[in-house]
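Here's the structure, in structure tokens; my notes come after.
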Amino acid sequence: MKLVKQLHKWVSLLVGLQFMLWLISGVYFNFMDHHKAAGSTYLADASEPATFTALAPLPFMQGVEEVRLVQLLDKPYYLLVKQRPLYAYWLGQYELVDALTGKPSQIDSAMAEQLARASYTGPGLLFEVTLQQPPIADLPKERNAVWRVAFDDDIQTAVYVRQQSGEIAGHVDTHRRWRDVFFTLHFMDYASEGSFNNVQIMIMAVLSLWLAVTGIIWIIALVKDGQYRPALSQTQHGLQLLNVQGVPAGCLNLDGNASLYDGLAKAGQLLPSSCGGGGTCGLCKVQSPDAPAFTSADAEVLSEQELAQGWRLACQHQVKDFSGVSLPAQCQKVERHELQLTSARFVTGNIKELTFRTLAGMPLAYQAGAYMRFDIPAGHQPSVLPEPVGQSVEDNSKPFERRACQRNYSLAVPEGERELVFNIRLHCAPSQHLPPGMGSNYLCHLQPGDTVTAFGPFSEFKMIEGSQKPVVLLGAGSGMAPLRAILLALLQQQDAQRAVHFFYGARCEDDLLYYEEMMRLSALHSRLSYYPVLSQPSGQWTGATGYVQDTLMLNQELLGELTELEYYLCGPVEMMQQTIAMLKAAGVADEAIRFDSFGQFPSSGTDKHEVKR
């Protein structure tokens, strides 16, 4: 089911994009000028047929299927059809004979020009006359050789004359070319076949059917798991807290429709979590004597024995599903803080630096690498747009309904600072039908002076106490925040012998978070080595390229013996998985590797508790 869900999301993105193209092109077809869209802006009316006498007799010719009398430039011609196509644009074989003289005739460039001028009423002068063989960009269906007669008017009109018959194959101008673009998008004719009966649209039909079927299966699974239950009203529910022996130790009155994870958090009982309630980390498990039926998320991260013993993920069940729960030892009675935003700025295109102070005005106690849990209230707001550094963007974003939730964000400064700095990666809506990131859009929408509720700080990802080993920091994206806090804490220590190596990965130069600050710090502190690595650099970049974990392994000679270092990792799960696997293969002990994960544990085939968080 997990694979089906992942495929469902990606297929829905693809189908949703094509549905948007269908909608846009459909609107265009409703409002377009059909006369202009047909290429008829400067198309002359058909001339009246003339009456001809004394026509030359046509000698007997073999292989002729049909003879037509046609009028070209007010002269009569016999059109001998030797291979008659079903449609005029299909390949045919024709021969022209002058009906007055009986002599064969051909459409050369001069005659093609005259025919084109006769069908053209625009103000443009002749630009060029060229003979084109199929395929023809302006006429994808045409299979006959044509003369292209172009005029330099305001809409770039081109008249196409069939070489064998002298027929006008069509007028093509800017209006018609735009129509053809929208036809291509609407009928998915990306191979320019000139037809809607193509492979692409068949594949889209199959994907849409698959999406509908898997969506129904998903809804049925949610209903069976008890997760698809609309909250008609807020109801209070009494939840009994049990000790390890199952004896009642207190009672909480919580919103029955809230998730157990959020309900406990609002009551000050904060369960551990690294995925923010996404059901992937498995840390927020609780035990209950009357546990509800387990969900697919429970089965994914809990063992069969744990499920049988009544363990469930608090983020996947509502408060009203339980009468009593035993909380794990890691559940903390946490401090609640009201924070006021003092400044906000985009430090990269999609990462915003938010600086807060506590309304109490006192610095918070924590260790470098800590995070805080922000309370995101329900509400209605516009989605926030990414903002290129140093530029402004008009706020024309689409509003969305924000549901109440909680999100974790790491502090980017060490303990002792009066201001709390966070790096928030803005998660935009993946499509018109899906909402943007609830937490990041809420926080990035705050203005200086606004307040927000946060819990903590929580010092789970922290430096190894008492160690004097050289340090390797490795991160990417918004994984900079806890690593920056650790780096600044290390540089504040009066230990000039402890080397620090900071490897940081990004896509391009504009994505290098705190680049100038890191360069300045490495110049001030000889024991700090900074290694920025870009995976998609510009031509001006002279530094390391590729993936940051590969650059780490390529610099082993500069680092020394890998087993004599300690490592702190933060960033995309795949990056940490690969890094941990490489370090363990090199003989680095589990105790020397610590990481901060924003989602699932980067297990890389090992037990998730083998590497310290």
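The values are calculated or read from the model by the stated rules, or taken from the named source; none is laboratory data. Keep in mind that this is a model prediction, so the values were computed, not measured. Please note: Cβ atoms are built from the backbone with ideal geometry, for glycine as well, and neighbour counts cover all protein chains shown. Protein only, heavy atoms only, side chains kept; ligands, DNA and RNA dropped before computing areas. Shrake-Rupley method; radii C 1.70, N 1.55, O 1.52, S 1.80 Å.
Go ahead and estimate [θ] at 222 nm for the chain from helices alone: -39,500 (n - 2.57) per DSSP H run with n ≥ 4, summed, over the residue count, rounded to 500.
Numbers: 14 runs with 157 residues, N = 613.
Computed ellipticity for the chain at 222 nm equals -8000 deg cm²/dmol.
At 7 Å along Cα-to-Cβ for each site, give me the label-to-label distance between Glu417 and Ala360 in nm.
Spacing of the two 7 Å Cα→Cβ label points: 2.0 nm.
Which number do you get for Rg(Cα) / (2.2 N^0.38 Å) in the range 352-488?
Working: Rg = 16.4 Å, N = 137, 2.2 N^0.38 = 14.3 Å.
That works out to 1.15 for the range 352-488.
Restricting attention to the alpha-carbon atoms of the range 509-600, what are Rg (one decimal) and Dmax (integer), both in Å?
14.2, 41
Could you give the length gained by full extension between Met61 and Arg345, i.e. 0.36 nm per residue of separation minus their alpha carbon distance, to one decimal place?
Working it through step by step, the gained length comes to 93.9 nm.
For labels at Gln494 and Ser522 in the simple 7 Å Cα→Cβ model, what's the distance in nm?
2.8
Dividing the alpha-carbon Rg of the range 42-172 by 2.2 N^0.38 Å yields what?
Rg over 2.2 N^0.38 Å, computed on Cα atoms: 1.08.
Roughly how compact is the range 1-109, stated as its Cα Rg over 2.2 N^0.38 Å to two decimals?
Cα Rg divided by the expected 2.2 N^0.38 Å: 1.97.
In the range 364-494, what percent of the accessible surface is made up of carbon and sulfur (1.4 Å probe, ligands and nucleic acids excluded)?
Carbon plus sulfur share of accessible area: 49 percent.
Would you please state the base-10 log of I(q)/I(0) at q = 0.14, 0.27 1/Å for the range 484-539, with intensities from the Debye formula using one equal scatterer on every alpha carbon?
The calculated log intensity ratios at q = 0.14, 0.27 Å⁻¹ are -0.40, -1.12.
I need the per residue convex hull volume for the chain, using only the alpha carbons, in cubic angstrom as a whole number.
239
Heavy-atom accessible area of Glu335 with all protein chains present, probe 1.4 Å, nearest 10 Å²?
Glu335 exposes around 120 Å² with every protein chain in place.
What do you get for the angle between helix 2-31 and the principal long axis of the chain? Use alpha-carbon atoms, 0 to 90 degrees, nearest ten.
40
Taking only Cα atoms, what is the 0 to 90° angle, nearest 10, from helix 174-186's long axis to the longest principal axis of the chain?
Compared with the principal axis, the helix lies near 50 degrees.
What dipole magnitude, in Debye to the nearest 20, does the chain give about its Cα centre under +1 on Lys/Arg Cβ and -1 on Asp/Glu Cβ?
Numbers: 47 positive and 61 negative charges, 230 e Å.
So the magnitude is around 1100 debye.
Over the Cα atoms of the range 236-332, what is the Rg over Rh ratio if Rh follows Kirkwood?
Expressed as Rg/Rh, it is 0.92.
Averaging sequence separations of C-alpha pairs under 8 Å and six or more residues apart, then dividing by the length of the chain, give the relative contact order as a whole percent. Before the final figure, lay out the partial values.
Details: 1153 pairs, mean separation 51.5, N = 613.
That works out to 8 percent.
Could you state the orientation-averaged shadow area of the convex hull built on the Cα atoms of the range 19-64, in nm² to one decimal? Mind dumping the intermediate values first?
On the way: hull surface 31.9 nm².
So the Cα hull casts an average projection of 8.0 nm².
Which value in nm describes the separation of the simple spin-label points at Tyr190 and Cys508, placed 7 Å from the Cα toward the beta carbon?
Rounded to a tenth, the inter-label distance reads 2.2 nm.
Over the chain, with the other protein chains present, what is the accessible area per residue in square angstrom, probe 1.4 angstrom?
50
Net charge near Val81: determine it from the other residues with C-beta under 15 Å of the C-beta of Val81, scoring Lys and Arg +1 and Asp and Glu -1.
Local charge sum for Val81: 0.
Work out the charge dipole of the chain with +1 on the Cβ of Lys and Arg and -1 on the Cβ of Asp and Glu about the Cα centre, then indicate which of Thr280, Gln494, Leu86 is farthest towards its positive end.
Thr280
Among Met575, Ser538, Gly416, which residue has its Cα furthest toward the positive end of the charge dipole of the chain, with +1 on Lys/Arg Cβ and -1 on Asp/Glu Cβ?
Checking the options against the dipole of the chain, the answer is Gly416.
Taking the highest mean first, how do the peptides 551-558, 565-572 order by number of other beta carbon atoms within 10 angstrom per residue?
Listed from highest to lowest mean packing, they are 565-572, 551-558.
Any idea what angle helix 515-524 forms with the longest principal axis of the chain, computed on alpha-carbon atoms, 0 to 90 degrees, nearest 10?
Orientation of helix 515-524: about 50 degrees from the principal axis.
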